[in-house]
Amino acid sequence: MILRHPDLDLVAPATAEEAVCALARRPGGRALAGGTDLVPNLRRGLEAPPVLVDLGAVAELQVLEKTARGLRIGAGVTLARLADDASVVREYPALAEAARAIAGPTHRAAGTVGGNLCLDTRCLFYNQSEWWRASNEYCLKRGGTICHVAPTGRRCHAAYSGELAPALLVLGAETEIAGPSGRRRIPLAALYAEDGARHLTLAEDEIVVAVEVPARHGQRSAYAKARLRGAIDFPLAGVALSLVQEDGRIEQLEVALTGTNSRPFLLAGTEELVGRPADDAALQRLDRLVQKQVSPMRTTMLPAHYRRRVAAALARRLLRQLAGLT
């Protein structure tokens with residue numbers, strides 16, 4: 001079956017404010033950056049916007065620079081550029097590792113920071129062609145009334161699979177958003193909600209302009225993922241971890257996860273490990289925290305209990321690595 005793009009208009013604003021105005025004028029329009037996620041969705045019939053607002057000419061979205069506050073990353077910065085930036089690799093290794101783990105080289109050359117942060121959620125029952133979904137009944141995320149993963153539930157359980165978000169969460173990042181009422185800054189975590197159908201808190205006429213990461217003070221960080229193939233695949237589970245130690249004891253520990261829930265999230269309860277050595281007891285406690293808080297569902301090819309256990313294993317591995325226990 002040949003899948004074709006639907007008919008739509010394309011506009012190319014020069015500023016973020018012009019982009020916002022273009023989206024406000026045409027309800028249902030979509031912002032377009034690298035297109036590595038949106039364009040396949042158009043072909044599958046998952047999206048049918050009346051207009052695409054091409055952000056490629058918005059210069060401020062391309063900024064990647066050190067500031068007095070830390071690091072400013074424009075939403076239009078490509079994943080390849082982020083992964084290869086010397087200051088990012090040196091000072092924010094979890095962020096560089098997450099960018100490097102996304103898809104394949106050609107995807108990273110086109111895909112952008114903003115696009116990965118706003119990545120659509122994934123599910124076996126959603127990411128199919130229009131004819132497949134029509135034949136198997138539409139789901140709650142698009143056109144239907146039930147979630148095929150949890151038919152008795154009231155929300156969509158499609159999993160968020162963006163990989164930059166957990167790395168940015170453990171680094172304390174904030175997001176700058178432009179909308180009709182001006183600009184606002186929010187913690188990155190506030191960009192997401194635990195609902196696969198409405199996982200972003202952005203309004204239709206808002207866009208992500210940039211992400212700001214605070215200056216690093218003694219943090220070590222890393223990112224790791226599990227996937228079916230050694231390249232290209234979305235994470236079955238992805239974990240970012242940042243650690244500050246003093247005299248062998250944990251002074252600060254942040255852990256964030258992706259691929260298991262409908263939003264990326266910071267692990268709760270890590271403060272219990274502060275002041276303790278990063279020993280086997282700490283590793284076991286971290287394992288329990290992860291397994292209790294992740295909620296993988298039947299949205300991928302592998303069973304939920306495997307993804308829960310592999311998420312915990314990745315968290316333990318990263319803590320061992322950063323604490324120098326390996």
Looking only at the range 218-239, and only at residues there that are in contact (Cβ under 8 Å) with a residue 12 or more places away in the chain, open to solvent by 30 Å² or more (accessible area, probe 1.4 Å) and under 17 Å from the mean Cα position of the chain (by Cα), the one that is nearest to Pro93 (Cα to Cα)
Lys225
Would the range 268-284 turn up any residue that is within 21 Å of the chain's Cα centre (by Cα) and of a type in the set (A, V, I, L, M)?
yes
Please name all residue pairs, on different chains or six or more residues apart, with Cβ atoms under 6 Å, provided the first residue is in the range 165-183 and is open to solvent by 10 Å² or more (accessible area, probe 1.4 Å) and the second residue is charged (D, E, K, R) and part of a loop (DSSP other than H, G, I, E, B).
Gly179/Glu206; Pro180/Asp205
Which of (1) within 21 Å of Asp120 (Cβ to Cβ); (2) in contact with a strand residue (DSSP E or B) (Cβ under 8 Å, 6 or more places away or on another chain) does Leu241 not meet, given it meets every other one?
(1)
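Taking the conditions exactly as written (in a strand (DSSP E or B) and open to solvent by less than 10 Å² (accessible area, probe 1.4 Å)), does Ala282 satisfy them or not? Can you show your working first?
Numbers: in a strand (DSSP E or B): no; open to solvent by less than 10 Å² (accessible area, probe 1.4 Å): yes.
Criteria not met by Ala282.
For residues in the range 248-272 being among the charged types (D, E, K, R) and not in a strand (DSSP E or B), which is farthest from Leu319 (Cα to Cα)?
The extreme case among them is Arg263.
Right, Arg216: in a strand (DSSP E or B), over 22 Å from Gly111 (Cβ atoms) and of a type in the set (D, E, K, R) or not? Break it down into steps so the answer makes sense when it comes.
Details: in a strand (DSSP E or B): no; over 22 Å from Gly111 (Cβ atoms): yes; of a type in the set (D, E, K, R): yes.
For Arg216, the condition - in a strand (DSSP E or B), over 22 Å from Gly111 (Cβ atoms) and of a type in the set (D, E, K, R) - is not met.
Can you name the residue in the range 181-213 that is in a loop (DSSP other than H, G, I, E, B) and more than 16 Å from the chain's Cα centre (by Cα) and, of all such residues, is farthest from Leu124 (Cα to Cα)? Even if it seems obvious, please write down each step before you answer.
Within the range 181-213, the subset in a loop (DSSP other than H, G, I, E, B) is 181, 193-199, 201-206.
Restricting the remaining residues to those that are more than 16 Å from the chain's Cα centre (by Cα) gives 181, 203-206.
Working: Ser181: 37, Ala203: 26, Glu204: 26, Asp205: 29, Glu206: 29 Å.
The selected residue is Ser181.
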Quick check on the range 259-278. Is at least one of its residues small (Gly, Ala, Ser), open to solvent by less than 10 Å² (accessible area, probe 1.4 Å), closer than 19 Å to Arg122 by Cβ and in contact (Cβ under 8 Å) with a residue 60 or more places away in the chain?
yes
Do we have any residue at all in the range 7-19 that's in a helix (DSSP H, G or I), open to solvent by less than 50 Å² (accessible area, probe 1.4 Å) and under 16 Å from Cys118 (Cα atoms)?
no
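Residues that are surrounded by 22 or more Cβ atoms within 10 Å (Cβ to Cβ) and part of a helix (DSSP H, G or I): does the range 287-297 have at least one?
Initial filter on the range 287-297 (surrounded by 22 or more Cβ atoms within 10 Å (Cβ to Cβ)): 290, 294, 296.
Then keep just the ones that are part of a helix (DSSP H, G or I); that gives 290.
So far as the range 287-297 goes, yes, one or more of its residues are surrounded by 22 or more Cβ atoms within 10 Å (Cβ to Cβ) and part of a helix (DSSP H, G or I).
Listed here are the residues, each with its yes/no results for (1) of a type in the set (Ser, Thr, Tyr); (2) within 28 Å of Arg317 (Cα to Cα).
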residue	(1), (2)
Ser161	yes, yes
Tyr192	yes, yes
Gly196	no, no
Ile207	no, no
Arg216	no, yes
Ala231	no, yes
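Residue under question is Ala215, and the condition is that it be crowded, with 22+ Cβ neighbours inside 10 Å, small (Gly, Ala, Ser) and either modelled with pLDDT of 95 or more or closer than 30 Å to Glu17 by Cα (or both); does it hold?
On the way: crowded, with 22+ Cβ neighbours inside 10 Å: no; small (Gly, Ala, Ser): yes; either modelled with pLDDT of 95 or more or closer than 30 Å to Glu17 by Cα (or both): yes.
So Ala215 fails the test.
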Condition broken by Ser242, with the remaining ones in (1) assigned to a loop (DSSP other than H, G, I, E, B); (2) touching a residue at least 12 places away in the same chain (Cβ under 8 Å); (3) out of contact with any Phe, Trp or Tyr (no Cβ under 9 Å at 6 or more places or on another chain) satisfied:
(1)
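The values are calculated or read from the model by the stated rules, or taken from the named source; none is laboratory data. Here the structure is a predicted model, which means the values were calculated and not measured. Glycine also receives a Cβ, built like all others from the backbone with ideal geometry; neighbour counts cover every protein chain displayed. Side chains are part of the model used for accessible areas, which takes the heavy atoms of the whole protein and leaves out ligands, DNA and RNA. Shrake-Rupley method; radii C 1.70, N 1.55, O 1.52, S 1.80 Å.
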